[in-house]
């Protein structure tokens, strides 16, 4: 299995999620294990071993591995050596790191419109960024207590319905892309 990340990225961790394709053994067992090698390349021609789990003797159906050092990667190739049971099948391959590009700009025109008839609800709207694929919205009961966070993808609005009727709330938002996270907006208070 080979995957193109689309650009050279600094990879810090990998997670491999195995699927139970035609597996007969379900649940934990001390007799099943997964073995694999994971290769990386920046050009798709020269490959280096990124992870070597060829001697692994434990069941790791959702193996998350932090690399010893950040590594420049564009292509990932997974070589199966031993499957715990059934056919070799992957339900997910997650690559954690940052791209080599520019992180998104701070979100512009962020507004929070609290309902008059239903004070527990607010519409949050902002200008959609061309350089972001997701947004983190932060909210709370004080400017320094924004403990609730909501991630939204590919949209520029969110209907928030978790406020107390007679309490002010505070909001911030930040943009996300493969290169990082923008600065947060100024805190907005809604009465």
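The values are calculated or read from the model by the stated rules, or taken from the named source; none is laboratory data. The structure presented is a predicted model; accordingly, all values stated were derived computationally and were not measured. Backbone-built Cβ (ideal geometry, glycine too); neighbour counts: all protein chains shown.
Do we find that residue 86 is within 30 Å of residue 32 (Cα to Cα), in a loop (DSSP other than H, G, I, E, B), at pLDDT below 95 and assigned by TED's automatic domain parsing to the domain that holds residue 12 in this structure? Taking the combined requirement at face value, the residue satisfies it. Does segment 54-66 include one or more residues that are surrounded by 12 or more Cβ atoms within 10 Å (Cβ to Cβ), without any contact (Cβ under 8 Å) to a residue 40 or more places away in the chain and in a strand (DSSP E or B)? No, there is no match, as no residue in segment 54-66 is surrounded by 12 or more Cβ atoms within 10 Å (Cβ to Cβ), without any contact (Cβ under 8 Å) to a residue 40 or more places away in the chain and in a strand (DSSP E or B). Looking at 175, 100, just one residue is at pLDDT below 95 and within 24 Å of residue 13 (Cα to Cα), and that residue is 100. Of everything in segment 22-44 that's part of a loop (DSSP other than H, G, I, E, B) and touching a strand residue (DSSP E or B) at 6+ places or on another chain (Cβ under 9 Å), which residue is farthest from residue 92 (Cα to Cα)? Among those residues, the one meeting the criterion is 43. Assuming residue 142 fulfils every condition listed in (1) within 26 Å of residue 73 (Cα to Cα); (2) touching a strand residue (DSSP E or B) at 6+ places or on another chain (Cβ under 9 Å); (3) assigned to a loop (DSSP other than H, G, I, E, B) apart from one, which condition is it? Of the numbered conditions (1) within 26 Å of residue 73 (Cα to Cα); (2) touching a strand residue (DSSP E or B) at 6+ places or on another chain (Cβ under 9 Å); (3) assigned to a loop (DSSP other than H, G, I, E, B), the odd one out for residue 142 is (1). Just one of the numbered conditions (1) in contact with a strand residue (DSSP E or B) (Cβ under 9 Å, 6 or more places away or on another chain); (2) surrounded by 14 or more Cβ atoms within 10 Å (Cβ to Cβ); (3) not assigned by TED's automatic domain parsing to the domain that holds residue 34 is not true of residue 119: (1). Return yes when residue 106 is outside the structural domain of residue 150 (by TED's automatic domain parsing), in a strand (DSSP E or B) and within 29 Å of residue 184 (Cα to Cα) and no when it is not. Criteria not met by residue 106. Between 78, 72, 50, 93, the distinction of being within 17 Å of residue 35 (Cα to Cα), over 18 Å from the mean Cα position of the chain (by Cα), touching a residue at least 60 places away in the same chain (Cβ under 8 Å) and part of a strand (DSSP E or B) belongs to 78 only.
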